[in-house]
Structure formats: structure tokens, C-alpha cells
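**Q** Here's a structure for you.
The values are calculated or read from the model by the stated rules, or taken from the named source; none is laboratory data. Just so we're clear, the structure is a prediction, and the values are computed from it rather than from any experiment. In this analysis, Cβ positions are derived from the backbone assuming ideal geometry, glycine residues included, and neighbour counts consider all displayed protein chains. Note: accessible area is taken over every heavy atom of the protein model, side chains too, but ligands, DNA and RNA are not part of it. Shrake-Rupley method; radii C 1.70, N 1.55, O 1.52, S 1.80 Å.
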Amino acid sequence: MAPSLAHAYRWRWWMAGTAVLENLFFSAVLLGWGSLLLMLKQEGVYASLCPAENSTNATQDEGRQWPSCDQQDEMLNLGFMVGSFLLSATTLPLGVLMDRFGPRPLRMVGSACFAASCTLMAVTIQDTEALSPLIFLALSLNGFAGICLTFTSLTLPNMFGNLRSTFMALMIGSYASSAITFPGIKLIYEAGVPFMVIMFTWSGLACLIFLNCVLNWPSEHFPAPEEVDYTKKIKLAELALTHKVTGDRFYRHVTAVGQRLSQEPRSLDRGTNAFLAPADGRGASQSQPEKAVPFRQSLCSPVFLWSLLTMSLTQLRVIFYMAAMNKMLEFLVTRGQQQLGFYSSVFGAMQLLCLATCPLIGYIMDWRIKDCVDAPARAAAHSKARGRSATEPARPRYCKMQKVSNAISAFTLTNLLLVGFGVTCLIDSLPLQLVTFVLHTMVRGFFHSACGSLYAAVFPSSHFGTLTGLQSLVSAVFALLQQPLFMAMVGPLRGEPFWVNLGLLVCSLLGFLLPAYLFCYRARLQRELVEPSPGIPTALCAPKVAA
């Protein structure tokens, strides 16, 4: 039997702490592909595609010489492409399923799939000539499991009220930093621990996620802080006994429950005997203007369309570099395979920077939000509360305008880092690639957080999940282009990455079109706030929701 939401609230710090660790070691670990690729090649996966006399290099495994060639790299990269596609593309159907069944079953399925993927990797190396195709299934399950664990953990910050943005950045940072896991495993592997033992141990640890979910994760959703107060769980049969309050506090409790019952009369028909009281009586009424906005209007809005272009190009740039990094470094390395392994380990270690950089983009998106007012009608009250006279001109900061301004700053910074990353990729200097690693890590941690905050600021909260899932799906489909780009690099270009990187750098410049449009959108929004038309609602500040 699933625990209650009240139980989850009491254990919220434990759940948040374990979710960070689970994201770090079990979510998007496939993004550390460079290190996993080296281990799979050392174990001889798809080595049968490489005749020894035609191999470009060779890997050593306990005295056995495994051939290595471009055909092997292309086949393994195809498996990575499938796994990374599922890591992003399944966000939309998962969002629908989570709305229907809650995060608990999805997290249980994700942990089971991760355990199965590690088991399949361990089984594959028993007979690589016959079982190498199993690596495709293993990588697919790994990608699907990763997005299940990540997506469900993004609902946890709702239980932390004013700290929600901080915990959201922490969850995204742990997800982005999970690329360090395979480089860490590679160090254990090089210390002499067999690959099969590592995978079976990892599979057993994934079972602990399943157990933690069974014991602590409720079947209900985690409502946003502005929608409910987790500390006021009121049982209808024991209203006065459960909460020993009197006077005005008791009146407010009864009023809140009465309003909730009047808005959801069918809850009693379903036998519900517990409710979460709204933080105030305006919770439902404030959401009505949002529900009046048709989804097609949000879907066809220029903000969403420009964000699709920006996120798709960024996703392609990030995924291609992860897939082709070893080949790019191999083109620069002149002192052998050992130095290539060193730079691959350094790249993996730098993924922990995501835990430090993700809160930075969250800070940018929350800049001066607490000083804002929700609507022009509240400007006078806001000015009076800050000690200004009625005759003194008030220049309040409106919530939605400030969020759009913060999004402009966030996307401009992210695109500048992306362009800088593209420039360093073009320079044939091996030490300079350390700077490339840092820029790549920062971009990967920034652009997801910036996009989610933009959607929460501009679109109704009822559209947030679907729009986010659709954006992830489109970006994943667009990122499939990394496979033909990789094949072009190792084929006609003979390993030369310059022209591919140059083309991607030019395409990255299109990302500045989104902040440019947001600048125009902010100017139009400012005019509407000064002279609002009759058809424009005054409540401009959409409630934030978790991704």
C-alpha cells in the first residue's frame, strides 16, 4: 500500500536527498558515453566488425588483443543515438502517464529498467561475437530509465515552498552531473574490477531505488505550493480534533474546506476522506483565466516556436559532441591511446560542475521576482507598502515582465557560452579542449533550466507539462541528425571535425533569435500593462509549476 501524502511531507528531506543521489548515479548516466564507449571496446563489443589487418587501433583486455575500427565506432554510436533519443523523446508520453497515474509507478518502472540495462551489459560481454546486438536493448533501457527517474524527481521541489526553485536547480544539476558516473566506473574498471562485476553491483543498487519508492513515494501528485498548504491536511470526520485551533484560525480552516468542497463535489462520491486545504480561498478562482486560454494558442505562439528552434539546435550541438568527442580528441592526439583516456576522464570529472552552475541560472531567473507585483491594479498598494506617498510616481516591477527580462538574460548568456564552445572546438589545441569541456558542461546545465523557467513565466500552468514534453520530443528527433554528421566525419572527412563543427557553430547563432523576440515581446507586454485592453486579464503572473 502506498504511503500517504502527509507521510511524504514528513520524509521530504530524505526523499529530496536520495533523489539527488539517485539522479547523480542512475539518471542521465548515458551522457558519459565517451568512457562507456572505451570500456565496451576493451571488452570487444562489435569487435567482430573489424578485421585485424584493417583495424585502426587495438584495445587490450587481459592479454587479448581486440581490433578496433570506424565500423565498430559507427555501430556503437548508433546504440548511443537510440539511448539518448529515448532519454529526451519519452518526456511527452511520460508527462501524460504521470498526470494519469502519478510519479510513483513511473519511478518504480524506471528503476527496474535501469537494473535490467546493467544486467544486459554484463551478459553481453560473456560472448561479444554472438550477444553484441543486446547492447542496443541495454542502452535503450538505460535511456528510458534515466528520463523516468529524472522526470519524477522534478515534482519533489513542490513540497519545499519558497525553496522550490533552489531544489529544482539542484535536481536538474544532479541530472546534468550524472555524466560523471561512467568516467568514475571507468576508473574502477581500470583498477582491475571486472566489467561484469561492476554492472551486476550497479543493477543491485538500482533495486534500492525501487525499495525507497515503495516505502516513501505516495501515489498522489505533489501539488504546487501556491495550490495547497501541505501542513493543513484536514480529515472531514475529525476536523476539530485533528487541528486544535479556535477563533479566527478555525474559521479560516472551515472556510477553506468549504470552498474546496463547493468546487469539487465529486470527491465525496469517490469516497475521498482527506483533502489538502488551499493556501487561501482564491486558489481556484485564480486559475480560471489560465484555463480559458486554448492550448493551440500556446502551441502556435512565437515564443514556443522560437524556443523549439533554439532548444533543438542546442540539443544537437550537445549530443553530437558527446558522441564524437573521442574521435575529435583522437584526431588531435599524437601520443597514443593513454592520453585519450586521460582527457576522457577529465571530461567526465568536469560534469560535477553542473551542480555548481545550475543554481546560477536559477538565480538569474529569480532575479528581483520578490520585489514584483502581480498586476497593475496592485501597483498602488505595493507602492504604499514600500512607504511611498500617493503623489510620488511609482514604477513597480510587474511579475511577468520581470520573468521575461530574466529569461532574456538567461538565454543570452547560454547562447554566448554555446558560441564560445563552438569556437574552441574549431581550434586544434589539445589543452584548449579543457576550456571546451567547461563550456559544454555549463551549456548543458543552463539551457534546460532556462527553457523551463520561460515556459512557467509565459504560458498557463495547465499547458506547462505538455509544452515541455513536446519540446523535448522535437529536440530529440532533431538530435538524431548527429548520427549522419558522425558518419560524415569518420567517412568522407576522414576524421576531420572542422567542417562539421563550423556548420554547427553557424547554426548556433540562430539561438539569439529567441532573446531578440523576447525583447520585442517584453516591449509589447509593457504597453499592455500601461494601457490594458478590455480583453486582456489583469492577472499576469502565472503560478510556477514544476517540470
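**Q** Can you run the Rg to Rh ratio on the stretch 408-468? Use alpha carbon positions and the Kirkwood inverse-distance Rh.
**A** That ratio is 1.16, to two decimals.
**Q** To the nearest µm²/s, what D does Stokes-Einstein give for the stretch 76-199 at 37 °C and 0.692 mPa s, using the Kirkwood radius over alpha carbon pairs as Rh?
**A** Answer, rounded: 207 µm²/s.
**Q** From the protein chains alone at 1.4 Å, what is the descending order of accessible area for LEU352, LEU208, largest first?
**A** Of LEU352, LEU208, the descending order of accessible area is LEU208, LEU352.
**Q** A further question on this structure: Going by a ≥ b ≥ c, the root eigenvalues of the Cα gyration tensor, does the stretch 476-519 fall in the rounded group (a/c under 1.5), the prolate group (a/b larger than b/c) or the oblate group?
**A** Because a/c hits 1.5 or more and a/b fails to exceed b/c, the stretch 476-519 counts as oblate.
**Q** Another question, if that's okay. If you rank TRP14, TRP202, TRP306 by how much accessible surface each has, with a 1.4 Å probe, what is the order from largest down?
**A** TRP14, TRP306, TRP202
**Q** Let me make sure I get this right: for the stretch 1-156, a, b and c are the square roots of the gyration tensor eigenvalues over alpha carbons, sorted descending. Under 1.5 in a/c it's rounded, otherwise prolate if a/b > b/c, else oblate. Which is it?
**A** Note, shape of the stretch 1-156 comes out prolate.
**Q** Provide the FRET efficiency to the nearest 0.05 for the VAL477-VAL123 pair, computing r from the beta carbons and using R0 = 41 Å.
**A** The formula returns an efficiency of 0.85 here.
**Q** Net charge near PHE347, counting Lys/Arg +1 and Asp/Glu -1 over other residues with Cβ under 13 Å of its Cβ?
**A** Result for the local shell: +2.
**Q** Keeping all protein chains in the complex and leaving out DNA, RNA and ligands, what accessible area do you get for LYS400 with a 1.4 Å probe, in Å² to the nearest 10?
**A** Ignoring ligands and nucleic acids, LYS400 comes out at about 30 Å².
**Q** Oh, and also: Pop a pseudo-label 7 angstrom from the Cα along the beta-carbon direction at both LEU493 and LEU21 and give the gap in nm to one decimal.
**A** The modelled label-to-label distance comes out at 4.2 nm.
**Q** Then there's this: Spin-label point model (7 Å from Cα, Cβ direction): what's the GLN297 to PHE200 distance in nm?
**A** Each label point is offset 7 Å from its Cα along the Cβ direction, giving 6.0 nm.
**Q** Using a 1.4 Å probe and ignoring any ligands, DNA or RNA, find the accessible area of HIS221 and quote it in Å² to the nearest 10.
**A** Accessible surface of HIS221 is approximately 80 Å².
**Q** I need the calculated FRET efficiency for the pair LEU430 and VAL82, taking r as the beta carbon distance and R₀ as 30 Å, to the nearest 0.05.
**A** Calculated value: 0.45.
**Q** Next up: When all protein chains stay in place, what accessible area (Å², nearest 10, 1.4 Å probe) is found for THR466?
**A** Solvent-accessible area, nearest 10 Å²: 60 Å².
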